[in-house]
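Visitor: First the structure, which I've put down as structure tokens, then a few questions once you've had a look.
The values are calculated or read from the model by the stated rules, or taken from the named source; none is laboratory data. Since the model is a prediction, treat every value here as computed from it, not as a measurement. For neighbour counting, all protein chains shown are included, and Cβ atoms are generated from backbone atoms with ideal geometry for every residue, glycine included. In case anyone asks, the SASA skips ligands and DNA or RNA and just uses the protein heavy atoms, side chains included. Shrake-Rupley method; radii C 1.70, N 1.55, O 1.52, S 1.80 Å.
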Amino acid sequence: MRTMTLLGRLLAPVAALLALASPSTAAAPAGRPALWAVSDSDTTVYLFGTIHLLPANYQWRTPRFNQAVSSSQQLVVETLVDLQKPDGIQAAKLNLGFSRGLPPIAERVPPEKRALLRSVIAKSGIPEKYYDQMETWLAAFELLGVRFREIGLAGEAGPEQTLQREFTAARKPIGELETNAEQLGYFDKLPEAAQRILLEGAIEEPKNMNNDFAKMLASWSRGDVKAISVSFNRDLSVSPALKEALLDRRNANWSRWVGQRMAIPGSVMLAVGAGHLAGPESLVAMLKREGYKVRRVQ
């Protein structure tokens, strides 16, 4: 089951907190990730599809993108995660991610994957009995962080954190579409079967994860929305519950947010995972169906 690509895109900035490390330096060709503008006579909302984790020194900025950033009076991201002060996300994880009477974590993966699970748990440095108390989605988060560190990905190198630092330095406001608790709540409410899909994906062998991430990064970097859509549809086909909770419902919520924001003059940069902006059920498609003027600017 190959769900790392899905996890890496849908865990959003929360995943960045799990991937703090000393990542390897990666030389890469200059990217041109997709960027749209929703506009009327006095308002522009830029829609930027992000990839939440990047190798260090990855080049993804362009003059056109920088122009959109400089003209935006505000940045809005999926959820605000302060990598220096992670108390908020940690509190949300403690409140939502632990329960009594759960089956042992090893029983939540197929027998043939238990040795693999235990090997990743050992690398985390946290005793297995601690994972036994975690809900399955949270165990997937924590173990995915181990795998991210193994393949050299870092949250502080991701576009969201880069943009947050830039807007903070410029003293421009930064907002969020979801609180940490709200975002984690989507995972907390998933059926157990869907959570176990996430757990199996989180313990994929690093080689498989590296290959999946390389493909995802290449599609994102060249702004290949079709490839991103095809990959998302394939990954989400393993569980309609995942698709409804983590993609469809959130896109609908964000479409309403954009509609409300269009009533306020000015420009704003909205940065969300690239998968939310790709395909026939994307935020971009929703806004077009609702009659908004949406144009691809990169």
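Visitor: Using a Cα-Cα cut-off of under 19 Å, which aspartates and glutamates could be cross-linked to Lys93, ignoring same-chain neighbours fewer than 8 residues away?
Guide: Once the sequence-local aspartates and glutamates are set aside, what remains near Lys93 is Glu78, Asp82, Glu128, Asp132, Glu135, Glu142, Glu176, Glu178, Glu182, Asp188, Glu192.
Visitor: In addition: With a point put 7 Å past each Cα toward its Cβ, work out how far Thr162 is from Trp257 in nm, to one decimal.
Guide: 2.1
Visitor: Give me the percent of accessible area attributable to carbon and sulfur for the chain, probe 1.4 angstrom.
Guide: Values: 6540 of 12400 Å².
Solvent-exposed carbon and sulfur of the chain make up 53 percent of the total.
Visitor: How much length is gained on full extension from Asp40 to Arg114, taking 0.36 nm per residue of separation minus their Cα-Cα distance?
Guide: 21.2 nm
Visitor: Which whole-number value in Å² is the accessible area per residue of the chain, probe 1.4 Å? Intermediate values should be presented prior to the final figure.
Guide: Working: 12400 Å² over 298 residues.
I get 42 Å² per residue for this part.
Visitor: If you don't mind, another one. So what is the relative contact order for the range 89-211, in percent, with contacts set as C-alpha pairs under 8 Å and at least six apart?
Guide: With pairs under 8 Å counted, the relative contact order is 37 percent.
Visitor: Treating only the Cβ atoms of Lys and Arg (+1) and Asp and Glu (-1) as charged, compute the dipole magnitude of the chain about its Cα centre; round to the nearest 20 debye.
Guide: 700
Visitor: Quick check: the angle from helix 159-169's long axis to the longest principal axis of the chain, C-alpha only, nearest 10 degrees?
Guide: 60
Visitor: Once label points are set 7 Å from the Cα along Cα→Cβ at both Ile174 and Lys215, what is their separation, rounded to one decimal in nm?
Guide: 3.3
Visitor: A further question follows. Can you tell me the FRET efficiency between Arg296 and Asn208 if r is taken as the Cβ-Cβ distance and R0 is 30 Å, rounded to the nearest 0.05?
Guide: Efficiency computed from Cβ-Cβ geometry: 0.40.
Visitor: Right, another one. Measure nothing but the geometry: give the 0 to 90° angle between the long axis through the Cα atoms of 192-202 and the longest principal axis through the Cα atoms of the chain, rounded to 10°.
Guide: 90
Visitor: In whole angstrom, note down how far apart the Cα centers of the range 157-212 and the range 120-147 are.
Guide: For the range 157-212 versus the range 120-147, the Cα centre distance is 16 Å.
Visitor: Mind listing the long-range amide H neighbours of Gly266? Cut-off is under 5 Å, sequence gap 5 or more, other chains count too, H placed in the peptide plane at 1.01 Å from N.
Guide: Result for Gly266 returns Thr43, Thr44.
Visitor: Tell me which aspartates and glutamates have Cα within less than 13 Å of Lys113's Cα, excluding those fewer than 8 residues away on the same chain?
Guide: Result set, ordered by chain and number: Glu200, Glu204, Glu205.
Visitor: Still on this structure: Helix 87-96 against the longest principal axis of the chain: what's the angle in degrees, Cα atoms only, rounded to the nearest 10?
Guide: With rounding to tens, the tilt is 50 degrees.
Visitor: Something else about it: Could you work out how far apart the two model spin labels at Thr62 and Tyr130 are, taking each label as a point 7 Å from the Cα in the direction of the beta carbon, and quote it in nm?
Guide: 4.4
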